[in-house]
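The values are calculated or read from the model by the stated rules, or taken from the named source; none is laboratory data. Since this is a predicted model, take the numbers as computed values, not measurements. Note that each Cβ is placed from the backbone with ideal geometry, even for glycine, and that neighbours are counted across all protein chains shown. Just so you know, the surface numbers come from the protein's heavy atoms only, side chains and all, with ligands and any DNA or RNA stripped out. Shrake-Rupley method; radii C 1.70, N 1.55, O 1.52, S 1.80 Å.
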Amino acid sequence: MLLEEIEKNILSAEPQQKLQAIQHLKRLSAEEQVQLLLTLLEREKTGTRQVIINTLLELGKNISNILIKQLKSCSDEVRPVIVDVLSETLSQTDAIMVLNYLADDNPFVRAAAIEILGRLKDNWSLSYLRSFLKDPIPIVRIKSAQALGNMQDKLSLDALLNLLTDDNVEVKIAAIQALAKIKEARSC
């Protein structure tokens, strides 16, 4: 019953009902808040995704640790939403917790962790990101190239140039895009 009521209020066009849903959520533990919103997200009704992202952002930093733990157990459809929210809410010091997921067996979890680090644009993560350009799984190499491009890391030029000979076309495209971003930054 609670799930349906919160879902109805979150998706409502009425600001008062949305506020009421947030108030309801805040009475729950942080774990329950995240689990409830991710359950709603799994249902993926029209218009739900952005509303749930916004709701998670409104709940703020106190859910970051929980979301980081959810990277491993959530579905592949929900993981990008968690990446979006964490990229907006994580502080640089909190981001260190993401490092644990770089060693995960699931390549999608590794790719999500790489994407978060790339969006945070903190120089301490560059060596980690560079090392994943050699990962055996293409999605991990792609996310690593994208992250280095977003960070405009000039020291990664040689490693990105090496990706131009990769067997995977999508990896090559990611490398070209990353190199273009770095070149653009150098010309400014």
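Observations on the structure shown:
- When the residues of segment 86-100 are filtered to those that are at pLDDT below 85 and open to solvent by less than 50 Å² (accessible area, probe 1.4 Å), the one that is nearest to Thr39 (Cα to Cα) is Thr89.
- The test for being outside any helix (DSSP H, G or I) and in contact with a helix residue (DSSP H, G or I) (Cβ under 9 Å, 6 or more places away or on another chain) holds for Gln92.
- Flag: Ser64 does not match the condition of being touching a Lys or Arg at 6+ places or on another chain (Cβ under 6 Å), modelled with pLDDT of 75 or more and assigned to a helix (DSSP H, G or I).
- Here Gln33 meets the list (1) at pLDDT below 70; (2) among the polar types (S, T, N, Q); (3) surrounded by 20 or more Cβ atoms within 10 Å (Cβ to Cβ) almost entirely, failing just condition (1).
Matching residues to (1) closer than 27 Å to Arg186 by Cα; (2) open to solvent by 40 Å² or more (accessible area, probe 1.4 Å); (3) assigned to a loop (DSSP other than H, G, I, E, B); (4) among the aromatic types (Phe, Trp, Tyr):
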| site | (1), (2), (3), (4) |
| --- | --- |
| Phe108 | no, yes, no, yes |
| Leu117 | yes, no, no, no |
| Ser125 | yes, no, no, no |
| Phe132 | yes, no, no, yes |
| Ile142 | yes, no, no, no |
| Ala145 | yes, no, no, no |
| Leu155 | yes, yes, no, no |
| Asn162 | yes, yes, no, no |
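- Inclusion of Leu57 among residues that are open to solvent by less than 40 Å² (accessible area, probe 1.4 Å) and either of a type in the set (Lys, Arg) or in a helix (DSSP H, G or I) (or both) is not warranted.
- Scope segment 164-188; condition open to solvent by 90 Å² or more (accessible area, probe 1.4 Å) and part of a helix (DSSP H, G or I); matching residues: Thr165, Val169, Glu170, Ile176, Gln177, Lys183, Glu184, Arg186, Ser187
- Meets criteria (touching a residue at least 24 places away in the same chain (Cβ under 8 Å), closer than 22 Å to Val81 by Cβ and under 20 Å from the mean Cα position of the chain (by Cα)) for Asn150: yes
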